[in-house]
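The values are calculated or read from the model by the stated rules, or taken from the named source; none is laboratory data. Computed from a prediction, not measured in an experiment: that's the story for all the values here. As a convention, Cβ positions derive from the backbone with ideal geometry for all residues, glycine included, and neighbour counts pool all protein chains shown. Just so you know, the surface numbers come from the protein's heavy atoms only, side chains and all, with ligands and any DNA or RNA stripped out. Shrake-Rupley method; radii C 1.70, N 1.55, O 1.52, S 1.80 Å.
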Amino acid sequence: MVRYRQILTVLVLTLLAHPLFAAEAEPDGASILAMAREAAGGDDWANARTLTLSGRAVFYGPAGHLPRTIATDYRMWRVFDPDRTIAHGADGKVRIIAKNSEKLIFEVGYDGETTWTERGITPKAEADKFWANNFGFGIIRQASKPGFTAIRLADDGVGGHGLYMVELTDPKGGKTLFGIDKQSHAIRTMGFRTPKGWHLRVYDDFVTLENPRWLQAQRVTLYYDGRKSNEVFWTEAKVNAAIDDALFMIPPK
């Protein structure tokens, strides 16, 4: 009887070791970010040179309080830095304009060295704090490069979508938490610590652009310490379109 049990045990273990019975291996952090890269557009997405977005936005008061400010015309121009290594600092070039009809709500730009607003040049310490509160998503394009590490954390979910959660650490030690949709592999959330508190973005209403292939979220909701800060509704996106360098320069008064 003992001999029979031993033979049966060996048989069961042999069957379980067969590929047909083996459990599917769980992806690690690097594999999950690789899937997200492919879903977002692959090499074309990772190596994009410029991005132009336009739409509308809603901004809430401090700590998410009402009243709110509506930007009926909200635009952003980006020139990406292909060698970016810092997740939460200014990189490349950027300009953002928010208007309600023809009334300017705010304007901010970065020409690669200097940050400015409609009020003039922003002191570096203040500018660094501003970008540390806002920049973080683009670092995921660099995730496969040397010096970056990706660690899978406990799974989560948002809006009924199951998420793989991956913490990406840049070569300088900056950490960003990405939530990757388990089904579509779209990047649905991004979070990191900022001077204003824990910053979370939720991405939704995706569309796929062609030439180059590019997965664009048409709705982005931003939170600080759990309070909604603003919502952006992108209605038009252009990838690798030519952008006049003068757009990023400090405008004359």
If you take the residues in the stretch 97-144 that are in contact (Cβ under 8 Å) with a residue 24 or more places away in the chain and open to solvent by 70 Å² or more (accessible area, probe 1.4 Å), which one is nearest to Ser54 (Cα to Cα)?
Ser101
Pick from the stretch 135-144 the residues that are touching a strand residue (DSSP E or B) at 6+ places or on another chain (Cβ under 7 Å) and part of a helix (DSSP H, G or I): which of them is nearest to Leu200 (Cα to Cα)?
Phe137
Being surrounded by 10 or more Cβ atoms within 10 Å (Cβ to Cβ), farther than 30 Å from Arg188 by Cβ and at pLDDT below 50 narrows it down to one residue among Val2, Val10; which is it?
Val10
Looking only at the stretch 14-59, which residues are modelled with pLDDT under 95 and either under 30 Å from Leu104 (Cα atoms) or open to solvent by less than 60 Å² (accessible area, probe 1.4 Å) (or both)?
Ala22
Among the residues of the stretch 182-202, which ones are farther than 18 Å from Ala46 by Cα and either open to solvent by 20 Å² or more (accessible area, probe 1.4 Å) or more than 13 Å from the chain's Cα centre (by Cα) (or both)?
Lys182, Gln183, Arg193, Thr194, Pro195, Lys196, Gly197, Trp198, Leu200, Arg201, Val202
Given the condition surrounded by 18 or more Cβ atoms within 10 Å (Cβ to Cβ), more than 15 Å from the chain's Cα centre (by Cα) and farther than 22 Å from Phe233 by Cα, answer yes or no: does some residue in the stretch 173-181 qualify?
no
Return yes or no: is Gly179 closer than 16 Å to Gly89 by Cα and in contact with a strand residue (DSSP E or B) (Cβ under 6 Å, 6 or more places away or on another chain)?
no
What's the number of the condition Phe106 fails, among (1) within 27 Å of Arg193 (Cβ to Cβ); (2) at pLDDT below 95?
(2)
Answer yes or no as to whether Thr221 is without any contact (Cβ under 8 Å) to a residue 40 or more places away in the chain, under 20 Å from Asn47 (Cα atoms) and buried (at least 16 other Cβ atoms within 10 Å of the Cβ).
no
Starting from the stretch 68-84, take each residue that is within 30 Å of Lys172 (Cα to Cα) and list its partners that are of a type in the set (A, V, I, L, M) and surrounded by fewer than 17 Cβ atoms within 10 Å (Cβ to Cβ), counting only C-beta distances under 9 angstrom and pairs at least six apart or across chains.
Trp77/Leu247
Note down all Cβ pairs under 7 Å where the first residue falls in the stretch 19-37 and is farther than 16 Å from Leu153 by Cα and among the hydrophobic types (A, V, I, L, M, F, W, C), the second is at pLDDT below 95 and in a helix (DSSP H, G or I), and they're at least six residues apart or on different chains.
Phe21/Leu15
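For (1) in contact with a His (Cβ under 6 Å, 6 or more places away or on another chain); (2) more than 26 Å from Leu209 (Cα to Cα); (3) open to solvent by 70 Å² or more (accessible area, probe 1.4 Å), each residue gets a yes or a no:
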position: His65; (1), (2), (3): no, yes, yes
position: Tyr74; (1), (2), (3): no, no, no
position: Val79; (1), (2), (3): no, no, no
position: Pro82; (1), (2), (3): no, no, yes
